[in-house]
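S.K.: Okay, here's the structure, questions in a sec.
FYI, it's all coordinate maths here, none of it is from the lab. It should be emphasised that the depicted structure is a prediction, and the values quoted were computed from it without experimental measurement. Backbone-built Cβ (ideal geometry, glycine too); neighbour counts: all protein chains shown.
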Amino acid sequence: MVPGKLTSMAEAIERFVPDGSTVAMGVALEPLIPFAAGHELIRRRRRDLELVGPISDALFDQLVGAGCVRRVTAAWVGNVSEGLGHCYRRACEQGVPRSIEVHDHSNFSISLALWAAAWNVPSLPARTLLGSDILRTNPNLLAGDGLVHVSAVRPDVAIVHVQRADEHGRAHAWGPLGISEEAGLASERVIITCEQVVDASVTLSDPNRILLPETKVVAVVHEPGGAHPSPVQGFFKRDHAFHRDYAERSRSVEGFGAWLQEWVLGVSDRGDYMRRVDIEAIRIKQPRLSVPADFGDE
């Protein structure tokens, strides 16, 4: 029997995300962003990380502001409903709290870069980005012969939040998935964080929904609310008020520092964090169940 992979968030980050790691996060675009994992990276004072993802909402901004990041390889960094990522802008324009390197992508080209790594090829050709200024800023996008050659991006680890998973790493996610599959397959290892831990009979009852091979998964973390303030289909709506508050307070270095102390450094774990959140304002109260699938074969 293969031993289970259940562990705490603190242990997963300590064991599998050392300083200097290339980390894919926020790969479902707006939903399922693993904020709890990002906050644990901050609490453990990780440094020199490369962050990989599509939009990441405010998570990349927070990690940049905390001084954890050396490079961002992404399509966009900011705060979706509020606009700018103030910490990211300070880092790029003023070197505060440190200068960072930026490799720009589109949502599509970062997907191609991850697929290239997943398929173990050096690059994939496409016509996307022809005529774009992005080609001037990212040395891993090479134009020639009417094509753009998108170099592979291979993260050391992908951190993926899902609705449910079993202890062996078979994960079920639903709703918008963005580039979760390619990020997980491209990465050397995967940490799954989940709202629910379920028996293997649940995940195996719907094998088409299993997101990634369990052999890629090194840790499963039961972390209810681990994606707050981003939405989780069937569990939580997006916490717009929380994002608005973050946007206002992070406009200054001092404001961001106070926010960080209140919501990251000043909490012991995600349970402590979630007790400070107005859960009932964002909890999904009206179920909308899918029709069961019949996998009978006899």
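S.K.: Okay, helix-only estimate at 222 nm for the chain: each DSSP H run of n ≥ 4 adds -39500 (n - 2.57), divide by all residues, round to 500 deg cm²/dmol; what do you get?
M.R.: Helix contribution divided over all residues of the chain: -7500 deg cm²/dmol.
S.K.: Continuing with the same structure: If contacts are Cα pairs under 8 angstrom and at least 6 residues apart, what is the relative contact order of the chain in percent?
M.R.: 19
S.K.: Can you run phi through the Karplus equation (6.51, -1.76, 1.60; θ = phi - 60°) for the stretch 247-253 and list ³J(HN,Hα) in whole Hz, with x for Gly and Pro?
M.R.: The phi angles translate into 4, 5, 6, 7, 4, 10, 4 Hz.
S.K.: Here's something else I'd like to know. Just to be sure I understand: with springs between alpha-carbon atoms less than 10 Å apart, which residue in Leu29, Leu212, Leu135 has the highest mean-square fluctuation in the Gaussian network model of the chain?
M.R.: Residue with maximal mean-square fluctuation among Leu29, Leu212, Leu135: Leu135.
S.K.: Using unit Cβ charges (K, R positive; D, E negative) and no other charged atoms, how large, in debye to the nearest 20, is the dipole of the stretch 166-222 about its Cα centre?
M.R.: 80
S.K.: Given springs between every Cα pair under 10 Å in a Gaussian network model of the chain, which of Leu41, Leu211, Leu129 has the largest fluctuation?
M.R.: Answer for the Gaussian network model of the chain: Leu129.
S.K.: Turning to a different aspect of this structure: Counting alpha carbon pairs within less than 8 Å and at least 6 residues apart, what relative contact order, in whole percent, applies to the stretch 196-298?
M.R.: Taking the mean separation of contacting Cα pairs over the length of the stretch 196-298, I get 24 percent.
S.K.: Binning every alpha carbon pair distance of the stretch 161-290 at 10 Å from zero, what are the percents per bin?
M.R.: 12, 36, 32, 18, 3, 0
S.K.: Taking the Cα centroid of the stretch 106-167 and of the stretch 33-100, what is the distance between the two, rounded to the nearest whole Å?
M.R.: Here the answer is 19 Å between Cα centres.
S.K.: Please report, in debye to the nearest 20, how large the charge dipole of the chain is about its Cα centre when each Lys and Arg carries +1 at its beta carbon and each Asp and Glu carries -1 there. The partial results should precede the final answer.
M.R.: Details: 31 positive and 38 negative charges, 128 e Å.
Charge dipole, the chain, about its Cα centre: 620 debye, nearest 20.
S.K.: Per-residue HN-Hα couplings for the stretch 30-36, Karplus 6.51 cos²θ - 1.76 cosθ + 1.60 at θ = phi - 60°, whole Hz, x for Gly and Pro?
M.R.: For the stretch 30-36, the Karplus curve yields 6, x, 6, 7, x, 4, 4 Hz.
S.K.: Under 10 Å, Cα contacts only: if you run a Gaussian network model on the chain, which one of Arg276, Arg249, Arg238 comes out with the highest mean-square fluctuation?
M.R.: Highest fluctuation among the options: Arg276.
S.K.: Report for the stretch 9-282 the percent antiparallel among DSSP-assigned beta bridges with both residues inside it, nearest 5.
M.R.: 35
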